[in-house]
Amino acid sequence: MATFTAGDKFANCFVCSPTNPRGLHLKITTVDGKAHTEIVPEDYMCGLNGLMHGGFSLMLMDEVMYYAVEGYGVDSVTLHSECDFKNPAVIGHKLVAEAWVTKREGKKFYTEG
């Protein structure tokens, strides 16, 4: 079971922690209900040559979706994830990930990105 305090809950997050030595150290911002981050995929993120592995894409979406929900003052975990890839993420080209809450039913939040 995960336990944390407000000061250290992201201390080792692979995506957003500034202190994880192997992490991505991404900054996620939230403006007008949308969580946003940007990354330039590197070679170690490859699936097919020249393209970022889809697992990295899903990880980035999971992260910004978390931050979209956190904007409501709620800590959350992913219950279900579904993705339709529209375009490949190309190594060396800026990738933008955004997410927002579309619906809330009690403790359950629905997000899109």
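Taken over the range 83-99, the criterion of being surrounded by 13 or more Cβ atoms within 10 Å (Cβ to Cβ) and free of Cβ contacts under 8 Å to residues at least 60 places away in the same chain is satisfied by P88, A89, V90, I91, L95. Applying the criterion of being assigned to a helix (DSSP H, G or I) and in contact (Cβ under 8 Å) with a residue 40 or more places away in the chain to the residues of the range 33-56, the residue that is surrounded by the most Cβ atoms within 10 Å (Cβ to Cβ) is M45.
Do the conditions hold for V15, that is, is it in a loop (DSSP other than H, G, I, E, B) and in contact (Cβ under 8 Å) with a residue 40 or more places away in the chain? Criteria met by V15. Of all residue pairs spaced 6 or more apart or on separate chains, those with beta-carbon atoms under 8 Å, a first member in the range 62-78 that is within 18 Å of L26 (Cα to Cα) and at pLDDT 90 or above and a second member that is among the basic types (K, R) and open to solvent by 40 Å² or more (accessible area, probe 1.4 Å) are A68/K34. Residues of the range 58-77 that are hydroxyl-bearing (S, T, Y) and either more than 27 Å from E105 (Cβ to Cβ) or touching a Leu at 6+ places or on another chain (Cβ under 8 Å) (or both): none at all.
The values are calculated or read from the model by the stated rules, or taken from the named source; none is laboratory data. Here the structure is a predicted model, which means the values were calculated and not measured. Heads up, the Cβs are rebuilt from the backbone with ideal geometry, glycines too, and the neighbour counts pull from every protein chain shown. Only protein heavy atoms, including side chains, enter the accessible area calculation; ligands, DNA and RNA are left aside. Shrake-Rupley method; radii C 1.70, N 1.55, O 1.52, S 1.80 Å.
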